[in-house]
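Below is one structure, written out as structure tokens; the observations come after it.
The values are calculated or read from the model by the stated rules, or taken from the named source; none is laboratory data. Since the structure is predicted, the reported quantities are computational estimates derived from the model, not experimental observations. Backbone-built Cβ (ideal geometry, glycine too); neighbour counts: all protein chains shown. The protein model used for the area step is the full one, side chains on, heavy atoms only, and it has no ligands, DNA or RNA in it. Shrake-Rupley method; radii C 1.70, N 1.55, O 1.52, S 1.80 Å.
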Amino acid sequence: AVTFLAVAVPSATVIMYTDQLVLPRLMGIVRRLDRVPSWNQAAIANWPGIAALVTAILFGSYGSGIMPGQDGSPKNGWGIVPLEAWALGGVLYIVLVFLVARSGSREQILGFPHTDGVAAVESPDVGG
């Protein structure tokens with residue numbers, strides 16, 4: 001039987017790994033992890049990450065038959081639903097970030113901290 005944690009926790013992990021390992025290569029968006037912002041500097045949320053996570057959880061929960069009102073058995077013909085939910089979360093996150101990447105408020109939408117003159121989003125040094 002699939003549990004909620006089999007869908008939610010790995011989906012969040014895939015989205016975080018996508019943020020750290022895929023986005024820098026695909027779009028040059030790097031989230032620095034070398035300092036922790038203060039509460040005043042912290043952003044409200046990473047909206048594409050939240051949207052991708054909620055979508056993956058809803059898909060995974062419904063396909064696994066664990067939503068309220070379902071009988072607890074997975075949907076027939078849906079494949080390995082938790083694995084598909086994890087992939088959905090990562091791919092949807094990439095798509096949503098691509099849609100906001102050129103926006104003037106991308107740092108705010110992506111949940112980067114508010115810093116004083118220090119770039120929160122950096123492009124990787126390609127070709128050294």
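For MET67, the accessible surface of its heavy atoms amounts to roughly 60 Å² (probe 1.4 Å, protein chains only, rounded to the nearest 10). Taking all protein chains as shown and a probe of 1.4 angstrom, THR3 keeps an accessible surface of around 80 Å².
Rounding to the nearest 20 debye, state how big the charge dipole of the chain is about its Cα centre with +1 on each Lys and Arg Cβ and -1 on each Asp and Glu Cβ. Walk me through the numbers on the way to the answer.
On the way: 7 positive and 8 negative charges, 23 e Å.
Dipole about the Cα centre, nearest 20: 100 debye.
Whole-Hz Karplus values for region 10-17 come out as x, 4, 5, 5, 4, 5, 5, 5 Hz, taken residue by residue from phi with 6.51 cos²θ - 1.76 cosθ + 1.60 and θ = phi - 60°; glycine and proline positions read x.
Taking each residue as 0.36 nm, the span from TRP47 to LEU21 lengthens on full extension beyond its C-alpha to C-alpha distance by 7.5 nm. Of the labelled figures (i) 15.2; (ii) 16.4; (iii) 15.9, only one reflects Kirkwood radius over Cα pairs in Å as derived from the coordinates, namely (iii). So what is the accessible area of the chain per residue, in Å², with the probe set to 1.4 Å? On a per-residue basis, 63 Å². For the set TRP86, TRP39, TRP47, solvent exposure ranked by accessible area (probe 1.4 Å, protein chains only) runs largest to smallest as TRP39, TRP47, TRP86. If the elastic network links every pair of Cα atoms under 10 Å, which of ARG35, ARG106, ARG25 fluctuates the most in the Gaussian network model of the chain? With Cα springs under 10 Å in the chain, the top fluctuation among ARG35, ARG106, ARG25 is at ARG35.
The calculated 222 nm mean residue ellipticity attributable to helices in the chain amounts to -15000 deg cm²/dmol, summing -39500 (n - 2.57) over DSSP H runs of n ≥ 4 and dividing by all residues.
Counting only C-alpha contacts under 8 Å and six or more residues apart, can you give the relative contact order of the chain as a whole percent? Don't skip to the answer; put the middle values down first.
Numbers: 152 pairs, mean separation 51.0, N = 128.
Result for the chain is 40 percent.
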